[in-house]
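Here's the structure, in structure tokens; my notes come after.
The values are calculated or read from the model by the stated rules, or taken from the named source; none is laboratory data. Since we're looking at a predicted model, the values are computed, not measured. All Cβ positions, even for glycine, are placed from backbone atoms using ideal geometry, and neighbour counts span all protein chains on display.
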Amino acid sequence: MWKLRRLRRQRRILLLLAELEHPPSPRKYCQVNNTVPVLALYFDGHSDMRPDYRLSRASFSALMDVLGRESDHGWGPEIDTLIFLFWLATPSAYRVVARAFDIPRATIHRVVHRASGKIAALLYRVVRHPTAEELPRLGGRFARLARSAAFNRVVGAIDGCHVRVKPPAQDAACYFNRKLFHSIQLQAICDDVGKFLDVFVGYCGSVHDARVLRNSPIYNQQSYPPPGYSILGDGGYPCLSHPISLITPFRQPVRSHLQARFNNSLSRARCIVERSFGMLKTRWRSIFFKALEVDVTYVPEVIVCCTVLHNICMSNGDLLEPDADVTGPRRPAPAPAPPGAVSGADERQRIAMACYIPDHDYI
């Protein structure tokens, strides 16, 4: 017996000496397999990334410039971001992403959550309100959208979007919306080209758009629009002048040609927010057309990431025109003004009168 123990001790000593003479490569357990197709597409330096990642190469470079490329451990932020983007672009299954990247599923789960947290942290750097110098130019561009100078004090269009979710075990009825599916709401304000100026995410689908607005920071803190400017909304919102200026169309059926002309001009300017949602849904179809099979507490972070990526793509000319099937007719129920709010009917009538007056001079 003592001979056997001595032989085992000598073997351990020999193995230890061998490891000291030939240490294992530190890259043995962390080297990325660049030959898998989704990574080879990125590392070749010229292939179009949009089919697999839904972002152009220029947009991805801009995203990495904001996130930063330095890392003291792991594969680096580029690989983490690619994994997260592929997860967004696929049917949101960790198993599918793990097979595509040849990485364990548990690692994919950690990488996705780590990358989403970093991208969501960019929200207030990428999705921001215009400065005081930008407001007059923004109002002029909305006036061109509406084809009337009466809208030159409009600096945004507001609307809500429902994102499908897997209903939780508790309080599932709270997430069941009027469109007959479970969802979490995204409220957004966009500019004249479709970039988001403000987003508010998290309310369950059964809550009315007007209530979401009433509980959002732009209403409670009066953060946007600034005094003297207005935003446009559809009939699901109340027409307000205080605490924020929100102009909505006249209710149907209209009573005069003046109201009809005002509604047409408002619709031309306000439809940009629907187009913005259409581009968002077209880019991330697997997120907005399939129920997210993640915990509902994680869904708002994913939605925020999509809005951040949308603005980065818009800034780099990476546009995806909305498909014909991503938007449908919207007929929200009219909402009364919240308690303490001041109606904007007088301001709406003033704009309607200015809209009805011809912009040119016959003299």
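Go through region 239-255 and report how many residues are of a type outside the set (A, V, I, L, M), surrounded by fewer than 20 Cβ atoms within 10 Å (Cβ to Cβ) and outside any strand (DSSP E or B).
Looking only at that region, the number is 5.
Considering only region 297-316, state which residues are under 9 Å from the mean Cα position of the chain (by Cα) and within 17 Å of ASP198 (Cβ to Cβ).
ILE303, VAL304, CYS305, CYS306, THR307, VAL308, LEU309, HIS310, ASN311
Of the residues VAL273, VAL302, VAL308, VAL294, which single one is outside any helix (DSSP H, G or I) and among the hydrophobic types (A, V, I, L, M, F, W, C)?
Result: VAL294 is the single residue among VAL273, VAL302, VAL308, VAL294 that is outside any helix (DSSP H, G or I) and among the hydrophobic types (A, V, I, L, M, F, W, C).
Mind telling me which of the residues PHE289, PHE277 ends up being within 12 Å of the chain's Cα centre (by Cα) and either over 25 Å from GLN170 (Cα atoms) or modelled with pLDDT under 90 (or both)?
PHE277
Go through region 154-194 and give me each residue that's surrounded by fewer than 20 Cβ atoms within 10 Å (Cβ to Cβ) and more than 18 Å from VAL294 (Cβ to Cβ).
Listed by number, the residues that qualify are ALA173, PHE176, ASN177, ARG178, LYS179, LEU180, VAL193.
Which numbered condition trips up LEU213, out of (1) closer than 16 Å to LEU246 by Cα; (2) out of contact with any strand residue (DSSP E or B) (no Cβ under 8 Å at 6 or more places or on another chain); (3) in contact (Cβ under 8 Å) with a residue 40 or more places away in the chain; (4) not small (Gly, Ala, Ser)?
For LEU213, the failing item is (2).
Assigned by TED's automatic domain parsing to the domain that holds GLY235, within 19 Å of the chain's Cα centre (by Cα), under 23 Å from ARG270 (Cβ atoms) and at pLDDT 95 or above, is that true of CYS190?
Numbers: assigned by TED's automatic domain parsing to the domain that holds GLY235: yes; within 19 Å of the chain's Cα centre (by Cα): yes; under 23 Å from ARG270 (Cβ atoms): yes; at pLDDT 95 or above: yes.
It is true that CYS190 is assigned by TED's automatic domain parsing to the domain that holds GLY235, within 19 Å of the chain's Cα centre (by Cα), under 23 Å from ARG270 (Cβ atoms) and at pLDDT 95 or above.
Criterion first (assigned by TED's automatic domain parsing to the domain that holds ILE244 and modelled with pLDDT of 95 or more) does LEU180 satisfy it?
Spelling it out, it is not the case that LEU180 is assigned by TED's automatic domain parsing to the domain that holds ILE244 and modelled with pLDDT of 95 or more.
Can you pull out every residue in region 51-73 that is within 23 Å of ARG285 (Cβ to Cβ) and either without any contact (Cβ under 8 Å) to a residue 40 or more places away in the chain or assigned to a loop (DSSP other than H, G, I, E, B) (or both)?
So in region 51-73, the residues within 23 Å of ARG285 (Cβ to Cβ) come out as 51-60, 62-63.
Matches in region 51-73: PRO51, ASP52, TYR53, ARG54, LEU55, SER56, ARG57, PHE60.
Write out, first by first residue and then by second, each pair whose Cβ atoms fall under 6 Å of each other, whose residues are 6+ apart or on separate chains, and whose first residue, in region 140-167, is in contact (Cβ under 8 Å) with a residue 40 or more places away in the chain and of a type in the set (D, E, K, R) while the second is surrounded by fewer than 19 Cβ atoms within 10 Å (Cβ to Cβ) and in a loop (DSSP other than H, G, I, E, B).
ARG164/PHE181; ARG164/ALA291; LYS166/ALA291; LYS166/GLU293
One line per residue, one yes/no per condition, for (1) loosely packed, with under 13 Cβ neighbours inside 10 Å; (2) at pLDDT 95 or above:
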| site | (1), (2) |
| --- | --- |
| THR35 | yes, no |
| LEU41 | no, no |
| VAL66 | no, no |
| ILE83 | no, no |
| SER92 | no, no |
| VAL96 | no, no |
| HIS113 | no, no |
| ALA120 | no, yes |
| ARG147 | no, no |
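Looking at (1) assigned to a loop (DSSP other than H, G, I, E, B); (2) aliphatic (A, V, I, L, M); (3) within 21 Å of ARG348 (Cα to Cα), which is the only condition VAL207 fails?
That leaves (3) as the condition not met.
The rows are residues; the columns are (1) farther than 17 Å from SER276 by Cβ; (2) touching a strand residue (DSSP E or B) at 6+ places or on another chain (Cβ under 8 Å).
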| residue | (1), (2) |
| --- | --- |
| LEU88 | yes, no |
| THR107 | yes, no |
| ARG114 | yes, no |
| ALA121 | yes, no |
| GLU134 | yes, no |
| ALA157 | no, yes |
| CYS161 | no, yes |
| SER183 | yes, yes |
